[in-house]
1. Students often forget the sequence filter, so: which lysines lie under 20 Å Cα-Cα from LYS175 once same-chain residues fewer than 8 apart are removed?
2. Taking only protein heavy atoms into account and a 1.4 Å probe, give the accessible area per residue of the chain in Å².
3. Return the FRET efficiency for the residue pair THR158, GLU97: r is the Cβ-Cβ distance, R0 is 30 Å, and the value is rounded to the nearest 0.05.
4. If you roll a 1.4 angstrom probe over the protein chains with everything in place, what fraction of the accessible area of the chain belongs to carbon and sulfur, to the nearest %?
5. What base-10 log of the normalised intensity I(q)/I(0) is obtained for the stretch 1-53 from the Debye formula, alpha carbons as equal point scatterers, at q = 0.21, 0.22, 0.29 Å⁻¹?
6. Could you order the peptides 148-161, 55-68 from most to least packed, using the average number of other C-beta atoms within 10 Å per residue?
7. Can you tell me how much longer the chain between GLN119 and VAL15 gets when fully stretched, taken as 0.36 nm per residue apart minus their C-alpha distance, in nm with one decimal?
8. Rounded to the nearest 500 deg cm²/dmol, what is the calculated helix-only ellipticity per residue at 222 nm for the chain, with -39500 (n - 2.57) per DSSP H run of length n ≥ 4?
Amino acid sequence: MRITGGTLRGRKIAVPAGIIRPSMDRMRESVFACLGDISGLSFLDIFTGSGIIALEAASRGAVNIEAVEQDKLKRKTLLENISIAPCRINCRFIPAELYIKRAKTSFDIIFLDPPFPYQYKWELTASIALSCLAKDNTRILIHRPRQDYPKTEIQCLTKTDSREYGRSVVDFFHKRISIGI
């Protein structure tokens, strides 16, 4: 796999052992084009796998980047991959659900790429939106199979875009601004 943009454009990274579904180059390039300038923004990559999305964010100027991965077999390769980043990428080797429960920091952009068979992606997205991870106007993106979509609206999120890439889709949400009374 190679990084598609920014200061690390063209750099290759390793694919970790085990079950992995690396994001397509075209999809990553398109997603980051949709996000626009992310310089100075904080970024969270949940279900990071190889770390390619976190590296794409770092390459394009994001700061305060965290990558979350449950599979400890991916640890060595992930840590080697992120060592090329122009800024620090904090890695958390913990289940996504537990990370969300324990979170104390909010992010400007949150990217979720759960395994396609993962059945609780929409519940997880809702729990992120309601957690301290998402502040007003946080952008939450979820990569999913085309046939898997939310049955109901996700509380406090507004869908702003949806892009198809072969058999998969990336949905873009914004956390609604909460109005204090």
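The values are calculated or read from the model by the stated rules, or taken from the named source; none is laboratory data. From a predicted model like this one, the values you see are computed outputs, not experimental measurements. Glycine also receives a Cβ, built like all others from the backbone with ideal geometry; neighbour counts cover every protein chain displayed. Ligands, DNA and RNA are stripped out before the accessible areas are found, and what is left, the full protein with its side chains, is counted by its heavy atoms. Shrake-Rupley method; radii C 1.70, N 1.55, O 1.52, S 1.80 Å.
1. LYS101, LYS104, LYS121, LYS135, LYS151, LYS159
2. Working: 9050 Å² over 181 residues.
Per residue, the chain has an accessible area of 50 Å².
3. 0.80
4. 54 percent
5. Log10 I(q)/I(0), no solvent term: -0.87, -0.95, -1.42.
6. Descending packing order for the listed peptides: 55-68, 148-161.
7. Numbers: separation 104, 0.36 × 104 = 37.44 nm, distance 2.44 nm.
So the extension gain works out to 35.0 nm.
8. Dividing the helical sum by the residues of the chain leaves -7000 deg cm²/dmol.
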